[in-house]
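Remarks on the structure that follows.
Just so it is clear, none of the values below were taken in a lab; they were calculated from the coordinates. Given the structure is predicted, the values throughout are model-derived calculations rather than measurements. Because the Cβ atoms are built from the backbone with ideal geometry, glycine has one as well, and the counts that use them run over all protein chains shown.
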């Protein structure tokens, strides 16, 4: 299938990015976030490459079960926790860490008899206002959980940073201060820092850090590139030139005639579109790399193809490989041109795209 797009997953780059985390956090344990199928990279392949992590984090119970069934024995935290006694029993059976973010969950713990105690993280809402108990309730809820025979003690403590991608924001420092005030006197291990938090606020690293996007080669900051942070792209999305067409001044390209040529130019059609996960709202002028040269998107993204102006490129032929993001083009640049973030692009690659995982060679 020569026209089928493919995503090359470079596990050596993943291990390199993990080493960047390790260097930045020499005293903290690392909980590698591999939810959403390893941010679209393949959860089991990612878990295998991150064998040096101290634990893993996922969003949903099914993801954690998949990891356990694949033989992974490290601690696995499930960010959304549980909503029923049936799920609680599953946490105990698979020895998973549950995140407690509401008093409703505490009530479920009070009424269930588990086959063995479970480990929990008490999540505190310090400003994200998504999941978490209120700071004023932490001590009372912690006391209640301490009396629960179904929980391993001491209870671990966490929060999530809302604005750590912006180093100029005062919100992160305010969240950390609120977290610290709410856990005074509690002895459990703590976790605050995501990718941006662990790089930008060293004093937020605590016992555990939770890197996500930086492991996959995306920058966690608004104004600092992955390259500047020493990160390597793990996913490279490729396709091929499937047609070339010379158009004249005044001709339009694509649906809605949204782009009109202001001179004669050569247009290359590439076999990838929003049906494959390429962003439908990528702006005119979004870069694409072909044969080491930069071409720019013209017209609207279609389900199965995009068009780029290759008039300024040399030696472009049908069958040439095009890089949509990755090894030769920063995913953050494409995301910015598409009005989104790199997380969205990584997770949005569809099943139509063949994934090829590069094994880690001995010298890597």
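Determine, from the Cβ-Cβ distance of residue 29 and residue 340 and an R0 of 25 Å, the FRET efficiency 1/(1 + (r/R0)^6), rounded to the nearest 0.05. Please report the intermediate quantities before stating the final value.
Working: r = 32 Å, r/R0 = 1.26.
Computed FRET efficiency for residue 29 and residue 340 comes out at 0.20.
Extending 7 Å from Cα along the Cβ direction at residue 180 and again at residue 94 yields two label points whose distance is 3.7 nm. Counting beta carbons within 10 Å around each of 51, 305, 169 and listing the fewest first gives the order 51, 169, 305.
Test of understanding: ordering 30, 341 by Cβ neighbours within 10 Å, fewest first, what list do you get?
Values: 30 21, 341 18.
Ordered from fewest to most neighbouring Cβ atoms within 10 Å, 30, 341 come out as 341, 30.
Radius of gyration (Cα atoms) of segment 1-130, expressed as a multiple of 2.2 N^0.38 Å: 1.20.
Counting 0.36 nm for each residue step from residue 62 to residue 312 and taking away their Cα separation leaves a gain of 85.1 nm.
At a Förster radius of 22 Å, what calculated FRET efficiency corresponds to the Cβ-Cβ distance of residue 12 and residue 352, to the nearest 0.05?
Details: r = 26 Å, r/R0 = 1.18.
For residue 12 and residue 352, the calculated efficiency is 0.25.
Estimate the FRET efficiency between residue 296 and residue 225 by the formula 1/(1 + (r/R0)^6), using the beta-carbon distance for r and 30 Å for R0, to the nearest 0.05. Computed FRET efficiency for residue 296 and residue 225: 0.95.
Would you kindly state how much longer the chain becomes between residue 153 and residue 103 on full extension, computed as 0.36 nm times their sequence separation minus their alpha carbon distance, in nm to one decimal? List each step's numbers first, then the result.
On the way: separation 50, 0.36 × 50 = 18.00 nm, distance 1.82 nm.
Value of the extension gain: 16.2 nm.
Pop out the Kirkwood hydrodynamic radius of segment 11-216 from its pairwise C-alpha distances, inverse of mean 1/r, in Å to one decimal. Answer for segment 11-216: a Kirkwood hydrodynamic radius of 17.2 Å. The label-point distance for residue 110 and residue 263, in a model that sets each label 7 Å from Cα toward Cβ, rounds to 7.5 nm.
Expected output is a single nm value to one decimal: the length gained when fully extending between residue 245 and residue 189, i.e. 0.36 nm times separation in residues minus the C-alpha distance. What is it?
Gain on stretching residue 245 to residue 189: 14.0 nm.
Each semi-axis of the equivalent ellipsoid for the chain is √(5λ) with λ an eigenvalue of the Cα gyration tensor; in descending order they amount to 44, 21, 18 Å.
Over segment 235-358, the fraction of Cα-Cα pairs per 10 Å bin, rounded to whole percents and listed from the shortest bin up, is 14, 49, 32, 6, 0.
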